[in-house]
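The structure under discussion appears below in the form of structure tokens.
The values are calculated or read from the model by the stated rules, or taken from the named source; none is laboratory data. This is a predicted model, so every value here is computed, not measured. Heads up, the Cβs are rebuilt from the backbone with ideal geometry, glycines too, and the neighbour counts pull from every protein chain shown.
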Amino acid sequence: MGGVGVRVGWPLGVLAGAAAAVAYVGVVDPNRAGHYPTCPFLALTGYYCPGCGSLRMIHALVHGHVAEGFGKNPLAFLMIPVVGYLWVRWAVCTARGRPVTSPLFRMWVIWVFIAVMIVYWVVRNLPFGSALAP
């Protein structure tokens, strides 16, 4: 079925889409009202979701403000290398015509990540966890 070019097309397409999204967020400031929709969870409950602050984090990183980016969403910030690693694994395995595998796909790793995300979600909305709020 399809050659190497077809197989590699999906990872490259995702990379191009992600790069376009990051470029857009870098140009269109999410700190200014009216450019992006409000987080539905925040709008309905008044509480931050695990993703709240991610657009502002990306905007800060694009402009070289690493500490500010980390402060907007520390969990998303720390996930950037993980997502990069998974994308590289996907691209390499796809180019070689092999199934995508990674130690990060182990069930216990996935459950630990889900638990960390839930704890982060709760703690960033508590008074003592306000440093995690965007």
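What to note about this one:
- Only a single item in (1) more than 30 Å from Arg89 (Cα to Cα); (2) surrounded by 13 or more Cβ atoms within 10 Å (Cβ to Cβ); (3) modelled with pLDDT under 95 is not met by Pro11, and it is number (1).
- Pairs where the first residue, in the range 87-107, is in contact (Cβ under 8 Å) with a residue 12 or more places away in the chain and the second is among the charged types (D, E, K, R), C-beta under 7 Å, 6+ apart: Thr94/Arg7; Ala95/Arg7; Gly97/Arg7; Ser102/Arg89
- Condition check for Leu75: surrounded by 15 or more Cβ atoms within 10 Å (Cβ to Cβ), in contact (Cβ under 8 Å) with a residue 24 or more places away in the chain, assigned to a helix (DSSP H, G or I) and within 13 Å of the chain's Cα centre (by Cα): yes
- Output for the range 100-134, where each listed residue is under 17 Å from Tyr48 (Cα atoms) and of a type in the set (Lys, Arg): Arg124
- So Leu86, is it surrounded by 11 or more Cβ atoms within 10 Å (Cβ to Cβ), in contact with a Cys (Cβ under 8 Å, 6 or more places away or on another chain) and outside any loop (DSSP other than H, G, I, E, B): no
- Some residue of the range 102-110 being part of a loop (DSSP other than H, G, I, E, B), within 19 Å of Ala131 (Cβ to Cβ), of a type in the set (Ser, Thr, Tyr) and more than 17 Å from the chain's Cα centre (by Cα): no
- Output for the range 81-99, where each listed residue is under 15 Å from Gly9 (Cα atoms) and of a type outside the set (D, E, K, R): Trp87, Val88, Trp90, Ala91, Val92, Cys93, Thr94, Ala95, Gly97
- Identity of the residue in the range 58-72, exposed (fewer than 15 other Cβ atoms within 10 Å of the Cβ) and small (Gly, Ala, Ser), that ends up farthest from Val27 (Cα to Cα): Ala67
- Residue in the range 41-49 that is closer than 30 Å to Arg89 by Cβ, among the hydrophobic types (A, V, I, L, M, F, W, C), out of contact with any Cys (no Cβ under 7 Å at 6 or more places or on another chain) and assigned to a helix (DSSP H, G or I) present: no
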